[in-house]
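Data first, discussion second: the structure below is written as structure tokens.
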Amino acid sequence: MSRFYSWLNASQEFVSMYKGEEPFASFIKKQFAKHKKYGSTDRKNISQLCYGFFRLGKAFEEQPVIDRLLIGVFLSSRSSNDVLQEIKPLWNENITLNTHEKFSFLQAKEELSKVFPLHHKLSSKIDREVFQISMFHQPLLFIRVRPGKIDVVEQKLKAAAIQYNRVNDSCLAIANSSKVDAAIHLNRDAVIQDLNSQKVLDILPGYIQSDRPFGAWDCCAASGGKSILLKDMYPQVELTVSDIRETILRNLHQRFSQAGIKDYHSFDADLTQPTFILNKTFDLVICDAPCSGSGTWSRTPEQLAFFKEETIDHYNKLQKSISLNSSKSVRKGGYFLYITCSVFENENEDIVQFLQSHSSLKLLCQQYFIGYDKSADTLFTALFTL
């Protein structure tokens, strides 16, 4: 019995020490590095307890930490759990109940509404209850297979005994614990990319023809996932990428090299500055803006506990300045695509209204790519033309 309480005590220590100043995945990795006594089974069970704890959000806040750890792992587990089997066997017998049934079993239906603390900031397009329940499910790992690589990728995954589900002709869903990077050549053969991140450019073929060269600027390119997707959709695109720091671009350059993308331009720039001017125009500007990431919090549930409401206003200001500045580089007749992985109205619909009132852009369409019912992230896009 001692090892189960050892896991609980370690989990209690870790979640109490954690202050939200870095991703919890990074924090707990450092803790395990300090405490060499924990083997792989220990690390797995402690991590599961900690993440279950954070998935509660603001629910059960009056309960002691140990109790919240047990409640969290009960609500977020789908199969028998060793800790519950030892300490809460009746809970473990009911582990296969759905989330609603589990809250009823705990006689705590009222706590479900407390899981996502900022529900009043959600867009009206988001199903609040289903979204909150999704916080108890870790999303799947999705890979986008690059053109002409599906056969080789599937062969390599099978050879490595990695189970997968084929979502469509280019998307595979895999368990998060899978060692995909050891089985396939990432970026060359396939890209790790969430299901809905793979879909956000799907609207473009209705507006941009695939048989002519055109210029595109990915102004917040980060690691370049959407630029690689754009290049796969439009091999003839004349691509320009930028981000705020050269260190970010160095990672992008490495990834582009692995992906075989050589012909592109890049520069670092702070698009929030009112003095920013780019003396060049493009047929397409992609603005995947910095955001709260609230559409991805089931992957990083610690955000439920540590994200502060006023931070939404911070992102709203960033998004307004970045989107407005970058939209000035859209060529007449060209397109501006605004993207976030947020579910907050302030970061999405409000920015659409801002751009409509502060620029000459005309809204063509806006859409949420709902992922909380598909074990995936939720994203927002708005396509404009000039």
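Values computed for the structure shown
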quantity	calculated
Residue satisfying all of: in the range 20-58; farther than 13 Å from Gln303 by Cβ and assigned to a loop (DSSP other than H, G, I, E, B); farthest from the chain's Cα centre (by Cα) among these	Lys37
Which numbered condition Phe282 misses (of (1) among the aromatic types (Phe, Trp, Tyr); (2) out of contact with any strand residue (DSSP E or B) (no Cβ under 7 Å at 6 or more places or on another chain); (3) more than 30 Å from Phe54 (Cα to Cα))	(2)
Test: Ser359 is surrounded by 17 or more Cβ atoms within 10 Å (Cβ to Cβ), among the polar types (S, T, N, Q) and either closer than 22 Å to Pro23 by Cβ or touching a Leu at 6+ places or on another chain (Cβ under 7 Å) (or both)	no
Residue count, the range 319-334 (criterion: under 25 Å from the mean Cα position of the chain (by Cα), touching a residue at least 60 places away in the same chain (Cβ under 8 Å) and either surrounded by fewer than 21 Cβ atoms within 10 Å (Cβ to Cβ) or over 21 Å from Pro274 (Cα atoms) (or both))	0
Close pairs (8 angstrom Cβ cut-off, 6 or more residues apart or separate chains): under 21 Å from Pro235 (Cα atoms) in the range 145-174, aromatic (Phe, Trp, Tyr) and at pLDDT 95 or above anywhere	Cys171/Phe142
Selection status of Ile71, in contact with a Leu (Cβ under 8 Å, 6 or more places away or on another chain), at pLDDT 95 or above and in a helix (DSSP H, G or I)	yes
Only one of Ile286, Ile248 that is surrounded by fewer than 19 Cβ atoms within 10 Å (Cβ to Cβ) and either hydroxyl-bearing (Ser, Thr, Tyr) or closer than 28 Å to Gly371 by Cα (or both)	Ile248
Top-ranked residue of the range 79-129 - restricted to ones that are under 25 Å from Lys374 (Cβ atoms) and of a type in the set (Val, Ile, Thr), ranked as surrounded by the fewest Cβ atoms within 10 Å (Cβ to Cβ)	Thr96
Matching residues, the range 1-11, being buried (at least 19 other Cβ atoms within 10 Å of the Cβ), more than 17 Å from Pro301 (Cβ to Cβ) and touching a residue at least 40 places away in the same chain (Cβ under 8 Å)	Trp7, Leu8
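Residues are listed down the side, and each one gets a yes or a no for (1) crowded, with 21+ Cβ neighbours inside 10 Å; (2) assigned by TED's automatic domain parsing to the domain that holds Phe276; (3) out of contact with any Asp or Glu (no Cβ under 7 Å at 6 or more places or on another chain); (4) more than 22 Å from Phe369 (Cα to Cα):
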residue	(1), (2), (3), (4)
Ala182	no, no, yes, yes
Asp211	no, yes, yes, yes
Ala221	yes, yes, no, no
Lys262	no, yes, yes, yes
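The values are calculated or read from the model by the stated rules, or taken from the named source; none is laboratory data. Just so it is clear, the structure is predicted and the values come from calculations on it, not from any experiment. We place every Cβ from the backbone using ideal geometry, glycine too, and count neighbours over all the protein chains shown.
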